[in-house]
1. How far is it, in nm, from the label point at Glu13 to the one at Arg94 when both lie 7 Å from their Cα along the line to the Cβ?
2. Along Cα→Cβ, 7 Å out, is where each label goes; now give me the distance between the ones at Ala71 and Arg41 in nm to one decimal.
3. Pull out a ≥ b ≥ c, the square roots of the eigenvalues of the alpha-carbon gyration tensor of segment 5-138, then state rounded if a/c is under 1.5, prolate if not and a/b is larger than b/c, and oblate in the remaining case.
Amino acid sequence: MQLTEKQIKIIRESHQRILPEVERISDRFYADLCGRVPEARGLFRGDVSEQGMRFMSAIGVIVENLDSPEAMDREVEKLVAGHAAFNIEPSWFREMQESLIDTFAHALGARFTNEVELAWRAVFQQICDLMEERAGDKA
């Protein structure tokens with residue numbers, strides 16, 4: 001599924017709005033994810049905030065490359081490679097998607113409109129599909 005120009009614009013604008021609070025947002029994301037997938041808690045040893053910042057940084061790179069399928073594909077490949085050693089269940093990618101949606105909804109408040117949610121869901125759906133596909137290829 002290809003994102004529309006409008007979706008890309010919405011994603012980039014809303015991403016800019018959350019950047020000033022990215023550390024707090026990443027902490028909330030991991031708390032939400034571990035609430036949904038308690039087994040995932042064991043994957044995060046050490047400083048979860050540092051991991052959260054790396055994760056949010058990866059989202060930033062993906063947002064920058066939304067209009068370049070080749071670059072986005074390379075970024076997803078890096079995510080798959082980084083997660084391969086952890087034997088992550090494919091269903092966890094979907095839980096991650098829902099945690100991100102909920103986290104962004106909380107961070108954006110009233111600015112998290114239906115249109116913003118649908119745009120983020122479209123990009124996260126693409127990422128999850130690619131991650132599941134690549135994870136299956138590597139298995």
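1. In this crude label model, Glu13 to Arg94 measures out at 3.2 nm.
2. The answer from the label model is 3.9 nm.
3. Oblate.
Here, each number is a calculation from the coordinates, and none is a lab measurement. Quick caveat: nothing in here was measured; it's all calculated off a predicted structure. FYI the Cβ positions are ideal-geometry reconstructions off the backbone, even for glycines, and counts take in every protein chain you see.
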